[in-house]
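In what follows, a structure is listed as structure tokens, so that the remarks can point back to it.
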Ligand code: AMP
Ligand code: TRP
């Protein structure tokens, strides 16, 4: 009781890659004791850019929840939901859509950028423009005060604050103005090709990857292109393997840097060290995943229980909203 409430969500992209884990999921796991947490698989949001082929949404939801649990999200501590199970999100989205000026949405930087990026897909839709309104509904249905997100989501949290303020001004003060919580320990995790790790670039390592896959993917990582021979001194700053060591081998970092710049250890050995360090972190997660897979009903049971708890809270918010709006 009395802990600040938090909501965050991820679109159901299936098994998570390491960037998702270190950039987002790990901080969720670490927040569970200090906050009252609600975490949602936002399957309606997946439809905003992928409404044509919906064949994988259910399975991707399941796989992602298994990853959440194997990383340490605990349904005894946190409420874990699937967005489409909680119809209150949809009702609140509809009501918010009445008070959200079109200009706010059209000016949203993520909207303009995505329109460009996803150019072959037809996303000139009402639902896609309204993406941030649905996100505001996710957050405000629980009156969450804090929203852990990556930097790319800041404009959406700002819009959420504006929608809350406008509602409070037009009707009654019902909503808090939620704060974004940026995860500051993890900068962007690169993929094996040095660009941002992302499923869409094919440069990722899955959080649930087997030890052998990890070794193989680390073996493919790009290193300093100027270090051609084993005897050439390396430049850790331009090396992807070193960027990973910064996250996974914190204690040995000075040694690793000296071994590279002094040409004492070759890239192959340096990659072996990294694969070992990575596998040490991932083994307990893999082990948990194997145990969870033994119970085929587990995910549905957890989502059903989460929906029950979430609906109780969101239902009360919606009663207040209807009363404030006199409908
Ligand atoms: P996405 O489904 O790609 O939007 O990823 C969900 C969340 O994972 C994002 O909001 C980021 O916070 C985090 N994330 C994804 N990729 C990376 C990465 N390469 N490095 C750090 N964080 C990441
Ligand atoms: N838009 C977020 C993303 O793409 C996902 C999301 C939906 C979300 N609703 C949310 C995040 C509410 C935080 C709070 O990553």
Review point. Regarding residue 234, is this residue over 18 Å from the mean Cα position of the chain (by Cα), within 15 Å of ligand 1 (Cβ to nearest atom) and either within 30 Å of residue 118 (Cβ to Cβ) or part of a loop (DSSP other than H, G, I, E, B) (or both)?
Key: no
Review point. Any idea how many residues of the stretch 186-215 are away from ligand 1 (no atom under 16 Å from the Cβ) and out of contact with any helix residue (DSSP H, G or I) (no Cβ under 9 Å at 6 or more places or on another chain)?
Key: 2
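Does at least one position in the stretch 83-97 carry a residue that is within 16 Å of ligand 1 (Cβ to nearest atom), at negative phi and touching a residue at least 60 places away in the same chain (Cβ under 8 Å)?
Yes, the conditions are met somewhere in the stretch 83-97.
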Practice item. Only one of these is over 15 Å from the mean Cα position of the chain (by Cα), within 15 Å of ligand 1 (Cβ to nearest atom) and surrounded by 20 or more Cβ atoms within 10 Å (Cβ to Cβ): 155, 132, 178, 148. Name it. Key: 132
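For (1) modelled with pLDDT of 90 or more; (2) buried (at least 17 other Cβ atoms within 10 Å of the Cβ); (3) closer than 30 Å to residue 69 by Cβ, each residue gets a yes or a no:
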| position | (1), (2), (3) |
| --- | --- |
| 218 | yes, yes, yes |
| 236 | yes, yes, no |
| 245 | yes, yes, yes |
| 279 | yes, yes, yes |
| 297 | yes, no, yes |
Exercise for review: For the stretch 154-167, state whether one or more residues are touching a residue at least 60 places away in the same chain (Cβ under 8 Å), within 24 Å of residue 30 (Cβ to Cβ) and within 12 Å of ligand 2 (Cβ to nearest atom).
Suggested key: no
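Results for (1) in contact with a strand residue (DSSP E or B) (Cβ under 9 Å, 6 or more places away or on another chain); (2) on the phi > 0 side of the Ramachandran plot; (3) free of Cβ contacts under 8 Å to residues at least 24 places away in the same chain; (4) surrounded by 15 or more Cβ atoms within 10 Å (Cβ to Cβ), shown as yes or no for each residue.
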{"site": "254", "(1), (2), (3), (4)": "no, no, yes, no"}
{"site": "265", "(1), (2), (3), (4)": "no, no, yes, yes"}
{"site": "276", "(1), (2), (3), (4)": "no, no, yes, yes"}
{"site": "285", "(1), (2), (3), (4)": "no, no, no, yes"}
{"site": "291", "(1), (2), (3), (4)": "no, no, yes, no"}
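The values are calculated or read from the model by the stated rules, or taken from the named source; none is laboratory data. All values derive from a computational prediction rather than experimental measurement. Here Cβ is always computed from backbone atoms with ideal geometry, including for glycine, and neighbour counts include all displayed protein chains.
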